[in-house]
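The values are calculated or read from the model by the stated rules, or taken from the named source; none is laboratory data. Small disclaimer: the values here were computed from a predicted structure and weren't measured. Cβ atoms come from the backbone with ideal geometry, glycine included; neighbour counts cover every protein chain shown. Each accessible area value is taken on the protein alone, full model and side chains, heavy atoms only, with ligands, DNA and RNA left out. Shrake-Rupley method; radii C 1.70, N 1.55, O 1.52, S 1.80 Å.
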Amino acid sequence: MKGYRIAFIRHGMTEANEDGRYIGSTDLPLSELGSKELFEKADTLDYPQVQKVYTSPLKRCKQTAAILYPNRYTVEMDELREMDFGDFENKKAEDLMETDVYKEFIKGGLDNPAPNGESIREVVTRCYEAIKIIISDMMYEGMTNVAVVTHGGIIMNMLSCFGVPKKKPMEFACDFGEGFEVMVTAAMWQRSEAFEILGRYPDRYEDEEYFNI
């Protein structure tokens, strides 16, 4: 049975990442250090060839895609943008720690967004729409290998909700320019709307190391 491989890759570092600030909808470019690290990874790690790249519309993701896959056709998808952190955008956790609204926010939950921000339930709904579009596109065009350049939070929620084996979102945390590879078949998606998590991407880790976390 035909399998479809999708590599989910986190964007490179921004100045806000370096400073430890929340950035979701804020459209920051890669920092100088972030770009340098990505070029080094592109030179030293094995990023397999893909037939198409899907990317968040935010600059940090589009720039990452251009560095890692400079000659691939790229499609922007609004569904792949990071969570909107509302009033917490561009602020550090340490500066919010004593506020009641932040204490409530860090309790977690599907319907507990930051003030004027997005809930996890809304993000998961977007993730579902994104993966459904990507898989349908792959099947229609006959593509077997694609990359998705998006955000850490999107990758964690996407794999936690639709991936097997089942793990908590934080167990899918990944470094900049890296992520996870999954495989789906038409039967698997139609039967259970799920995909199989193959391991970390690019392949410089042993799969056993990941699955024994």
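Plainly put, segment 120-179 has a radius of gyration that is 0.98 times its Kirkwood radius, both from alpha-carbon atoms, as the Rg/Rh ratio. Set the Förster distance to 22 Å, then compute FRET efficiency between residue 51 and residue 164 from the Cβ-Cβ distance, nearest 0.05. Once rounded, the FRET efficiency stands at 0.35.
Could you provide, to the nearest whole Å², the per residue accessible area of segment 36-137 with probe 1.4 Å? Please list the in-between numbers first.
On the way: 5490 Å² over 102 residues.
Normalised by residue count, the accessible surface of segment 36-137 is 54 Å².
Counting only protein heavy atoms and a probe of 1.4 Å, the accessible surface of segment 23-132 is 50% carbon and sulfur. With contacts taken as Cα pairs under 8 Å and at least 6 residues apart, the chain reaches a relative contact order of 31 percent. As a calculated quantity, the FRET efficiency between residue 111 and residue 190 at R0 = 45 Å, using C-beta atoms, amounts to about 0.95.
Loop sites only, by DSSP: take the GluC sites (Glu not before Pro) in the chain that have at most 16 other C-beta atoms within 10 Å and name the longest stretch containing none of them. Please report the intermediate quantities before stating the final value.
Working: sites that count: 98, 193, 206.
Here the longest run is 1-97.
Show log10 I(q)/I(0) for segment 61-185 at q = 0.19 Å⁻¹, two decimals, from a solvent-free Debye sum over equal Cα scatterers. The computed values of log10 I(q)/I(0) come out as -1.18.
With a Förster radius of 22 Å applied to the beta-carbon distance between residue 36 and residue 144, the computed FRET efficiency rounds to 0.10.
Checking the Cα-Cα distances for 59/166; 132/166; 107/166 against a 25 Å cut-off, the pairs over it are 59/166.
So what's the back-of-envelope 222 nm ellipticity for the chain, counting only DSSP H runs of four-plus at -39500 (n - 2.57) apiece and dividing by all residues, rounded to 500?
Working: 9 runs with 83 residues, N = 213.
Roughly -11000 deg cm²/dmol at 222 nm, from the helical runs in the chain.
Taking a straight Cα-Cα cut-off under 20 Å and skipping sequence neighbours fewer than 8 places away in the same chain, the aspartates and glutamates within cross-link reach of residue 92 are 15, 18, 19, 27, 82, 84, 100, 104, 118, 175. Karplus-derived 3J(HN,Hα) values for segment 17-27, using 6.51 cos²θ - 1.76 cosθ + 1.60 with θ = phi - 60°, are 4, 4, 8, x, 9, 5, 9, x, 7, 4, 9 Hz; glycine and proline are entered as x.
By the scheme Lys and Arg +1, Asp and Glu -1, what is the net charge of all other residues having a beta-carbon under 10 Å from that of residue 48? Walk me through the numbers before you get to the answer.
On the way: positive: 5; negative: 46, 181, 203.
With Lys, Arg at +1 and Asp, Glu at -1, the net is -2.
Taking the chain as a Gaussian network of alpha-carbon nodes connected by springs under 10 Å, the highest mean-square fluctuation of the residues 164, 123, 184 belongs to 164.
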